[in-house]
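Heads up, the thing below is written out as structure tokens.
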Amino acid sequence: MNKYFSGLSIPLTKMTVLILFTVTMLASSMAFAAVHNITLTAETLPNGQLAYKLSGEARAAIPGPTLFVKQGDSVNVTLTNNTAVPVSFKVPGVGEQNPAMTAPGATATYAVDATTVGSYVYHGNSNGKELLGLFGALIVDKTDGSVERYVNDNGALTAVAQADIDKQLVLFMVGSTFWATEIVDGIQKPLWANPILGAAEDEIVRFHVLSVGPAHTFHLHAHRWLKPGTDSVIDTKLLVDGADAHSFTIKAGAGVGKGDWQFHCHLISHMEAGMHGSFKVGGAGTSSTVGASPYGRILLGTDDVPGLVTFEISDEGASWFRSARGDAIVGLPYDIKTKSLEVMAPGSSVNFVMSDTNGVHTISTLLWPTGAHHMPFDQTSAYRGGGIIKLDTPGLYVFTCKVHPYMFGAVIVDDPNTVGLDLGNPEKEYKIDLVTGISGLPTSSDLAVRLLRTFFVATSPDNWQDYSSQIWNVKFPTLPVRISGAPFSEELTQGGVSAPLSILNVNDAPLALLGKPAVPGVGEVWINTQFEKTDGKTKPGTITVVDAKNWTVKRKIALPEINMNNPHNMWVNRDQSVVYQTQWFDTKLTMLKRNNGQLIKNIHVGDTPSHVMTLPSNDDITIAINGENGVALIPAGKFEISKILPTQAAGHTSANPHGHWVSADGKSIVTPNINTGDIGIYGVDGKIHSRTSTGNNAPGAHPIAIGMMPDSSKVYAANLLHHTLSVLNGDTGALIKTINLIADYHPITGAFADNDGNGEIAVGVLPIQSPVSPDGKAVVIASTGGQIVIIDTATDTIVKMLPCDPGCHGANFGAKKGGGYYAYVSNKFSNRMIVVDIDPNGDGNIADAGIAGDVALVAGNNTAIDDTVNSLPGFGGQGVLAIPVVYNGWVQNLPSKWKKGLTDAQKNPIGH
Amino acid sequence: MLFQSNRPYCGMEFSENSSATQYTPHATLLRQLLISSLMALAMFFLCVGKSLAAEHIIQMTAEEVHEDGFGSKLMAYKMLSHTVNGTNITHRYSNHATIPGPTLFLTEGDTVNLTIYNDIPGANAGVLKGISSQVSVHVHGVHYKIVSDGTLKVINQEDDQGAGVGPAQTHANYSYTWDVAPGTAGTWAYHDHNYETHNGAEHKGLFGAIIVNPVGAANYAKEFVLYLTDDAFWGMEIDSHGMKQKKHGINPDFIARKDSEVRFHLIALGTDIHKFKLSGYQWADPGTNNMINEVAIGPLEKHVFTVKATKNAQYSDENFTNKLMGMVGKLKVSH
Ligand SMILES: [Cu+2]
Ligand SMILES: [Cu+2]
């Protein structure tokens, strides 16, 4: 770590908090009731997390001060908000359930009557921001001084008085992290994140386990306690969604003795995400060990203790992994344009909390320093919660979500004793490993630098291609980095020492639209501009409707009335009157009117629905439930799911299907199973016909989207992380061929050559959508690395590469006026649609495939709108749908008015 | 072994012959009462004596079960042998590795010595999967020392406590000692904690349950054990006659004789939170007198209830996705 971060070694100031309440004894009939006047502030911690601070204390802590009162007492809280967000003091289950918000800088008071014995959460009620640390416990005890009984080693339920308690442990379960405070003799000591709890054998320990946010189950090995209010003995307790609390007493080691007893959440995904700690039962004087602290060894941290950086998982474009102090980091004088980068010292931890999202996610490492322990970090299935991991090995770690594989967060674990930030493991020549099985990749290699560029572009809207501005700038931080030495990538190494990342900057590159295609298309092109933000919504995303007659933006549909969230992919019913829209970071399928963009229905369909298509046979709707394990079916004309077809046999790892396709006869559904790395072919009756791995035995292929021949004879599946296209038999699912889309690229040198000998230098880095043209001639692959690759289905070889923009993503075919087909291609990190003509001269030979033109996706003066765009105009292009749908099987069902604009060949693409 | 012949006088259900506490019908009421109380006193002393509690010697193994036909595998426990005070009751279990794993019936006061073997291919041949190829048995509810935690050394700081290749230690088999102490009555899960990761493979088939009854507990005509996972119920039923464990598998249809008392044992596993419902029935929420007709249950919680089987019913998980995926089964009541 370099001199900029020398603030890392201020000595630890031991933090103990003594809670002193101003207690006013009331006279008369309420002789024994007390009024507690508590003065709190809400503070921002060095790592950007938020916390309550008790007046008079040096520091805020997570959890906030534990408030102990007796039944019948009342609590008056005076709260001053020193954070940048509105905060409150809400105690779910007690008193006011919609307490007023305190604006930044303001002070307000809150009153709570402790009428019922029990344990309660108080929290900031700050629209998810409370999960960053604005929570604490209110414990309402009995007036007689007794607390929860414990189960003794002989089974006796043993009464406990306050005076018997040796230690209280407050444990908050938030995201997938434990936040703890230890209370001995009234002294509250913050133990921060995932500490080691300690107690001497036979000590009477009272636990207060609480949660805010998604549900958990708390389990402590080898100990038993009472379910509150009953004589029922349990060892695991559900804390439900929202806010929940559970207090119990144990005698440490009763019947089991000393040991390092694990405590953890028992949700598998949360366990995998790091939600565990140790309860050390030892001899006299056994004490707790503090966990990772927001004040610790991180960039600009103050204390010389293990530190903690925190990312909020968000639905907001570019900020999917947003550092809790993202705004502050962007404001540092290092030209950092991303909020998704953090820097910390070895031995510190990274914390993730899904506090700003309606979807399910995973927190999975994409790359890490060679030799780093506990890698890859991953979870079996997508979930709600968070994650925490301690990182000891210096180097760059990039986290992603397997379900939404362009969500990126990066952490540089930097050895403070070297000059420049370490991008790889110093002990392994600064090399990195990738989740796809590549190990020992020099950080100076072209591939590593490309991945780095991808990260800084994807997570920084300032680095996106805005065609309205006509220039393109890409700014990298001015931070010096250490990477693998010569001979590669001289620019970054400057002879092998270190150089600022900003040496990669792109300055004022001209950016101009090509112009509209000369020949009109038929109908409309609907594009999910998934990142575009509007005034009337907290969630991003619009549908941009382009009129293919004149290539103008006809309509923008934001649907503020339902806060439409990340619209991702669409299809349309038979008569082309109802458009089906998935919300990929949410749980909904939306139905809207094609002719005016008005909402028909917003339907709960399951976690993180990705793609939608109809069955051409009966117009039923199929929806890939990407965050879960099946394909949902809504019968035509209905608004409710009739069943979910499982994509795997019971008990097996969730397939998490993404961009499925349906066979032309409507009999089978083909899914790319991102989580299990295979292509599944399923009957609409729910039968699993075949499942075929696409990774050729290497991990992490990540099949993401399907295209099918018009006669369903072949399936094409793009494997995002292997940069390959799998070709499968459409009947049996047998793998016919794997086309390497980066054969012509040298990952170390970055040199391009016709290595696969097909006469073209063509690469497709990070391929996504791969539809087959309705006439079955061509596969068009949109590759997020910025290329469009065209495959000839007669030979299954690459015939062409066309330029695309960063984040090139969606592709779908529509009819070209007068015959032929256009492939409409969308881009996440630019705001234009590219129109590809696969056979401009119409001779049936696709060798002349080329770009016909492009269309800016920004609203114009004549664009109909239902909300006002306020940022990221036209960005986030993902799902594309041309209306009318002209794929074989669907085109035959079009009403005559839609058929009118089509040629005979287009009306019957393979039968004429 | 002489002591153990006294074992039936404790009146516990593990005796294969539990009629030993019946008395002659010819005795007078007074005499009967006197003898009863004397016997009760004697039984009390006999039963609290540790050496008289039942000793279970159990050997289980873990196997790979080829389940879906497309190369994706689940694992399962198989009972190799189970003796109770020397009496072999292995015939009660399936001959195969099953999901769910064997249900172990225990009584407060018993001790268990359970040895786990690992027949998952490669596990004993030095092949390390993930960080560990070990299979372990981590049990909930009962007492055990830290050496019987069934976890990896990275957690317990003592030993890799499973069978197979572990990151710190490799064992051909591993034995656990459980003290089924007073106060541990209830239904508890056991599961693997070591396979591939330090979290184990409890979500890949390696789970089962122990049912700890208090001394002298009532008998139920049928015991229905149901595990709520992220996409299905896995279950089994046990008839009190013969105690044979049957119907292993997904969303089983249970059968009960009309008006018989049956007991449901619910245990959740995985990541989902469930809402269990048995249509048309109500039962007492454990530890309370509250009658309920559905219950929220999260991973590794347990919920045990009894009903009188009066009518056919459907049991289901009301969780949105799970129900639509068919997470339902039947209770069929026969005459
Ligand atoms: Cu949890
Ligand atoms: Cu995600």
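The values are calculated or read from the model by the stated rules, or taken from the named source; none is laboratory data. Fair warning: this is a prediction, and the values are worked out from it, not measured in the lab. Quick reminder, even Gly has a Cβ in these numbers, built from the backbone with ideal geometry, and neighbours come from all protein chains shown. Surface areas here come from the heavy atoms of the whole protein model, side chains and all, with no ligands, DNA or RNA. Shrake-Rupley method; radii C 1.70, N 1.55, O 1.52, S 1.80 Å.
For segment A:582-669, list the strands (runs of 3 or more DSSP E) that sit wholly inside it and hold at least 1 residues that are open to solvent by 40 Å² or more (accessible area, probe 1.4 Å), free of Cβ contacts under 8 Å to residues at least 40 places away in the same chain and under 23 Å from residue A:893 (Cα atoms); which are they?
Numbers: elements: A:588-593, A:599-604, A:609-614, A:621-625, A:630-634, A:643-646.
In segment A:582-669, A:588-593, A:599-604 are the strands (runs of 3 or more DSSP E) which contain 1 or more residues that are open to solvent by 40 Å² or more (accessible area, probe 1.4 Å), free of Cβ contacts under 8 Å to residues at least 40 places away in the same chain and under 23 Å from residue A:893 (Cα atoms).
Checking A:789, A:779 one by one, the residue that is within 23 Å of residue A:613 (Cα to Cα) and at pLDDT 95 or above is A:779 and no other. Residues in segment A:672-701 that are more than 13 Å from every other protein chain (Cβ to nearest Cβ) and crowded, with 23+ Cβ neighbours inside 10 Å: A:672, A:674, A:701.
Pairs meeting the criteria (first residue in segment A:264-293 and more than 8 Å from chain B (Cβ to nearest Cβ) and within 16 Å of ligand 2 (Cβ to nearest atom), second residue part of a loop (DSSP other than H, G, I, E, B) and not charged (D, E, K, R), beta carbons under 8 Å, at least 6 apart or on different chains) are A:273/A:176; A:273/A:363; A:273/A:379; A:273/A:385. For segment A:771-810, the tally of residues that are hydroxyl-bearing (Ser, Thr, Tyr) and crowded, with 21+ Cβ neighbours inside 10 Å stands at 4.
Quick one: which residue in B:215, B:262 is open to solvent by less than 40 Å² (accessible area, probe 1.4 Å) and either assigned to a strand (DSSP E or B) or more than 24 Å from residue B:68 (Cβ to Cβ) (or both)?
Numbers: B:215 fails: open to solvent by less than 40 Å² (accessible area, probe 1.4 Å).
Of B:215, B:262, the one residue that is open to solvent by less than 40 Å² (accessible area, probe 1.4 Å) and either assigned to a strand (DSSP E or B) or more than 24 Å from residue B:68 (Cβ to Cβ) (or both) is B:262.
Could you go through segment A:154-177 and let me know if any residue there is in contact (Cβ under 8 Å) with a residue 60 or more places away in the chain, within 16 Å of ligand 2 (Cβ to nearest atom), outside the structural domain of residue A:383 (by TED's automatic domain parsing) and among the small types (Gly, Ala, Ser). So far as segment A:154-177 goes, yes, one or more of its residues are in contact (Cβ under 8 Å) with a residue 60 or more places away in the chain, within 16 Å of ligand 2 (Cβ to nearest atom), outside the structural domain of residue A:383 (by TED's automatic domain parsing) and among the small types (Gly, Ala, Ser).
State all residues of segment A:240-257 that are more than 18 Å from residue A:116 (Cβ to Cβ) and either more than 7 Å from chain B (Cβ to nearest Cβ) or in a strand (DSSP E or B) (or both); if no residue qualifies, say none. Talk me through it step by step, then tell me what you get.
Just the residues of segment A:240-257 that are more than 18 Å from residue A:116 (Cβ to Cβ), to begin with: A:241, A:249-257.
Within segment A:240-257, A:241, A:249, A:250, A:251, A:252, A:253, A:254 qualify.
Before we move on, is residue B:289 at pLDDT below 95, open to solvent by 10 Å² or more (accessible area, probe 1.4 Å), on the phi < 0 side of the Ramachandran plot and within 14 Å of chain A (Cβ to nearest Cβ)? Here the answer is yes, as residue B:289 does meet what is asked.
Would you confirm, using the coordinates I've provided, whether residue A:170 is modelled with pLDDT of 95 or more, part of a strand (DSSP E or B) and within 22 Å of residue A:268 (Cβ to Cβ)?
On the way: modelled with pLDDT of 95 or more: yes; part of a strand (DSSP E or B): yes; within 22 Å of residue A:268 (Cβ to Cβ): no.
So residue A:170 does not fit the description; no.
Consider segment A:438-451. How many of its residues are open to solvent by less than 20 Å² (accessible area, probe 1.4 Å), under 24 Å from the mean Cα position of the chain (by Cα) and not small (Gly, Ala, Ser)? Total meeting the criteria: 1. If you go through segment B:145-175 and pick out every residue that is closer than 27 Å to residue B:107 by Cβ, surrounded by fewer than 24 Cβ atoms within 10 Å (Cβ to Cβ) and either out of contact with any strand residue (DSSP E or B) (no Cβ under 8 Å at 6 or more places or on another chain) or not basic (Lys, Arg) (or both), you end up with 4.
Within the group A:87, A:69, A:140, A:91, which residue is in contact with a Ser or Thr (Cβ under 9 Å, 6 or more places away or on another chain), under 30 Å from residue A:227 (Cβ atoms) and not polar (S, T, N, Q)?
On the way: A:87 fails: under 30 Å from residue A:227 (Cβ atoms); A:69 fails: in contact with a Ser or Thr (Cβ under 9 Å, 6 or more places away or on another chain); A:91 fails: in contact with a Ser or Thr (Cβ under 9 Å, 6 or more places away or on another chain).
Checking each option against the conditions leaves just A:140.
Taking the options A:195, A:214, name whichever one is over 29 Å from residue B:178 (Cβ atoms) and either touching a helix residue (DSSP H, G or I) at 6+ places or on another chain (Cβ under 9 Å) or within 16 Å of ligand 2 (Cβ to nearest atom) (or both). Explain how you work it out, then say what you get.
On the way: A:195 fails: either touching a helix residue (DSSP H, G or I) at 6+ places or on another chain (Cβ under 9 Å) or within 16 Å of ligand 2 (Cβ to nearest atom) (or both).
Unique residue meeting the criteria: A:214.
Taking the conditions exactly as written (within 22 Å of residue A:385 (Cα to Cα), part of a strand (DSSP E or B) and open to solvent by 10 Å² or more (accessible area, probe 1.4 Å)), does residue A:179 satisfy them or not?
Values: within 22 Å of residue A:385 (Cα to Cα): yes; part of a strand (DSSP E or B): yes; open to solvent by 10 Å² or more (accessible area, probe 1.4 Å): no.
So residue A:179 does not fit the description; no.
The set of residues in segment A:94-112 being closer than 30 Å to residue A:248 by Cα and in contact (Cβ under 8 Å) with a residue 40 or more places away in the chain consists of A:94 alone.
Can you tell me which residue in segment B:65-80 is farthest from the other protein chains (Cβ to nearest Cβ), limited to those that are open to solvent by 30 Å² or more (accessible area, probe 1.4 Å) and assigned to a strand (DSSP E or B)? Give the derivation first.
Quick first cut of segment B:65-80, residues open to solvent by 30 Å² or more (accessible area, probe 1.4 Å) only: B:65-67, B:69-73, B:78, B:80.
Within this subset, residues satisfying the condition of being assigned to a strand (DSSP E or B) are B:65-66, B:73, B:78, B:80.
Working: B:65: 10, B:66: 11, B:73: 8, B:78: 17, B:80: 23 Å.
Step by step, filter segment B:65-80, then rank; the result is B:80.
Of all the criteria given as (1) assigned to a loop (DSSP other than H, G, I, E, B); (2) assigned by TED's automatic domain parsing to the domain that holds residue A:142; (3) at pLDDT 95 or above, the one not satisfied by residue A:274 is (2). Can you name every residue in segment B:229-244 that is within 14 Å of chain A (Cβ to nearest Cβ) and assigned to a strand (DSSP E or B)? Within segment B:229-244, B:233, B:234, B:235 meet the criteria. Being away from every other protein chain (no Cβ under 14 Å), away from ligand 2 (no atom under 16 Å from the Cβ), surrounded by 24 or more Cβ atoms within 10 Å (Cβ to Cβ) and closer than 14 Å to residue A:299 by Cα holds for only one residue in A:391, A:341, and it is A:341. Residue count for segment A:176-190 under the criterion of being within 16 Å of ligand 1 (Cβ to nearest atom), away from every other protein chain (no Cβ under 14 Å) and of a type outside the set (A, V, I, L, M): the result is 3. Of the listed requirements (1) open to solvent by 10 Å² or more (accessible area, probe 1.4 Å); (2) modelled with pLDDT of 95 or more; (3) more than 16 Å from ligand 2 (Cβ to nearest atom); (4) in a loop (DSSP other than H, G, I, E, B), residue A:300 misses just one: (2).
Just checking, which of B:204, B:246 is among the basic types (Lys, Arg) and surrounded by fewer than 22 Cβ atoms within 10 Å (Cβ to Cβ)?
On the way: B:204 fails: surrounded by fewer than 22 Cβ atoms within 10 Å (Cβ to Cβ).
Sole residue among the options that is among the basic types (Lys, Arg) and surrounded by fewer than 22 Cβ atoms within 10 Å (Cβ to Cβ): B:246.
If we keep just the residues of segment A:350-366 that are open to solvent by 10 Å² or more (accessible area, probe 1.4 Å) and in contact with a Leu (Cβ under 8 Å, 6 or more places away or on another chain), which is farthest from ligand 1 (Cβ to nearest atom)? For segment A:350-366, the residue satisfying everything is A:366. Count of segment A:860-912 residues, restricted to those that are outside any loop (DSSP other than H, G, I, E, B), closer than 17 Å to residue A:555 by Cβ and in contact with a helix residue (DSSP H, G or I) (Cβ under 9 Å, 6 or more places away or on another chain), is 1.
Yes or no: residue A:278 more than 16 Å from ligand 1 (Cβ to nearest atom), closer than 26 Å to residue B:199 by Cα and among the polar types (S, T, N, Q)? Yes; evaluated as a whole, the condition is true for this residue.
Considering segment B:292-331 alone, what residues qualify as being basic (Lys, Arg) and surrounded by 13 or more Cβ atoms within 10 Å (Cβ to Cβ)? Before the answer, list the steps.
Restricting attention to segment B:292-331, the residues satisfying the condition of being basic (Lys, Arg) are B:302, B:308, B:311, B:323, B:330.
Residues satisfying the conditions are B:302, B:308, B:323, B:330.
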